[in-house]
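Chemist: One structure, pasted below without further comment.
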Amino acid sequence: MSTGTQQTWVAAGPAGTVGWIHREGERFTVRLRADDDARGPFGSLDAAKGALHAALGPGADRPEFREH
């Protein structure tokens, strides 16, 4: 497995960027704008997207994810 971020997705909501998903090898980590540390790792992009959305709190709209 290689090291370093291989891909990044930006999560954007109505108010702008709310977080990021980083892929490193076969794992995905999530970071919200307010986070000091990454959350995860998660085994799939879908799991990471779900975790980021859930971390936004109850009633939050699902953000749009764009590969960056």
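The values are calculated or read from the model by the stated rules, or taken from the named source; none is laboratory data. Since the structure is predicted, the reported quantities are computational estimates derived from the model, not experimental observations. Surface accessibility is based on the protein's heavy atoms, side chains included, excluding ligands, DNA and RNA. Shrake-Rupley method; radii C 1.70, N 1.55, O 1.52, S 1.80 Å.
Chemist: At 1.4 Å probe size, with every protein chain present, just tell me what the per residue accessible area of the chain comes to in Å².
Modeler: Ligands and nucleic acids excluded, the figure is 63 Å² per residue.
Chemist: How far is helix 45-55 tilted off the main Cα axis of the chain, in degrees rounded to 10, range 0 to 90?
Modeler: Roughly 40 degrees, rounded to the nearest 10.
Chemist: Right, something else. If you average the sequence gap of Cα pairs under 8 Å that are 6 or more apart and divide by the length of the chain, what percent do you get for the contact order?
Modeler: On the way: 124 pairs, mean separation 22.2, N = 68.
Relative contact order comes out at 33 percent.
Chemist: Return the carbon/sulfur percentage of the accessible area of the chain, one whole number, probe 1.4 Å, all protein chains in place. List each step's numbers first, then the result.
Modeler: Working: 2010 of 4270 Å².
Answer for the chain: carbon and sulfur cover 47 percent of the accessible area.
Chemist: As a test of reading the structure, rank Thr29, Thr17 by solvent-accessible area (1.4 Å probe, protein chains only), most first.
Modeler: Values: Thr29 20, Thr17 55 Å².
Sorted descending by solvent-accessible area, the residues read Thr17, Thr29.
Chemist: Let me ask another. If you take volume of the Cα convex hull per residue in Å³ from the coordinates, which of (i) 68; (ii) 215; (iii) 80 do you get?
Modeler: (iii)
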